């Protein structure tokens, strides 16, 4: 077991790490994460995104920038239904991981959390009938079902389509007697249809389990980051365990809920000389990483 890092990070991906507009991870975040990996800071990427997205949009750029092979980085995908340590991913070309191909053995899944294939197909049909070209099917999701905003689509028009499709899916689940076990979660850029045990708190459990498996000690202090109210569940879970934790809300326009731990925003980091007070999403996420590196690991 390694000596504990003074800091651990649990990061939502869309927003704090990847742009919600382009889906890409900015170069500044990539290079800072590589330096944090070299400092042996454990990082859990706790996301509703798929294993395929983590591989090609996060792991690929990080490896190209020099990510150590044994970096204590961990993928928790599909809100806890799919997970793996970065160090388990073989070197070389990264595979495509989709519902249409066999899943690599190093990708771990919980079959009890899967949306049945016939329900998935019915959801895809609803999307095809109602969404036009504003929202597409994400075929990289292995257990949950996700419909995603087309890059470049008008946001106001998208929200109307998203809500109409979500209502149709909820009707379908009621008709099939699945409303108690499966929920519909509309987000800024998607609709997720997922098992009710899914969540960012489950992702915390997955991350801690992987830390133990690879012999990485639990960090002394945690920072979590996200752009929605559901992301607070990461800090809620860690606080309930007695872990020192602070949460970074990178899109605080929805209002900061009262919590028994500290909640940070870009304005707090700007007071410390990092970033701008008005920064949101990946710009605020980059400020958090830079602050951790500059002030907390010095």
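Points to keep in mind about this one:
- Candidate set: region 74-86, residues that are within 20 Å of residue 231 (Cβ to Cβ) and free of Cβ contacts under 8 Å to residues at least 40 places away in the same chain; chosen: the one surrounded by the most Cβ atoms within 10 Å (Cβ to Cβ): 77
Here's the yes/no breakdown for (1) in contact with a helix residue (DSSP H, G or I) (Cβ under 7 Å, 6 or more places away or on another chain); (2) in a helix (DSSP H, G or I); (3) buried (at least 22 other Cβ atoms within 10 Å of the Cβ):
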residue	(1), (2), (3)
4	no, no, no
22	no, no, no
53	no, yes, yes
56	no, yes, no
60	no, yes, no
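- Residue in region 256-264 that is touching a helix residue (DSSP H, G or I) at 6+ places or on another chain (Cβ under 9 Å), in a helix (DSSP H, G or I) and more than 24 Å from residue 86 (Cα to Cα) present: no
- Among residues of region 156-196 being modelled with pLDDT under 95 and over 20 Å from residue 52 (Cα atoms), the one that is surrounded by the most Cβ atoms within 10 Å (Cβ to Cβ) is 185.
- Residues of region 192-210 satisfying the condition of being in contact with a strand residue (DSSP E or B) (Cβ under 6 Å, 6 or more places away or on another chain) and without any contact (Cβ under 8 Å) to a residue 60 or more places away in the chain: 196
- Selection from region 134-160 of residues that are assigned to a loop (DSSP other than H, G, I, E, B) and in contact (Cβ under 8 Å) with a residue 60 or more places away in the chain: 138, 140, 141, 142, 143, 144, 151
The values are calculated or read from the model by the stated rules, or taken from the named source; none is laboratory data. Because the structure is predicted, anything quoted here is derived from the model rather than measured. Note: ideal-geometry Cβ built from the backbone for every residue, glycine included; neighbour counts use all protein chains shown.
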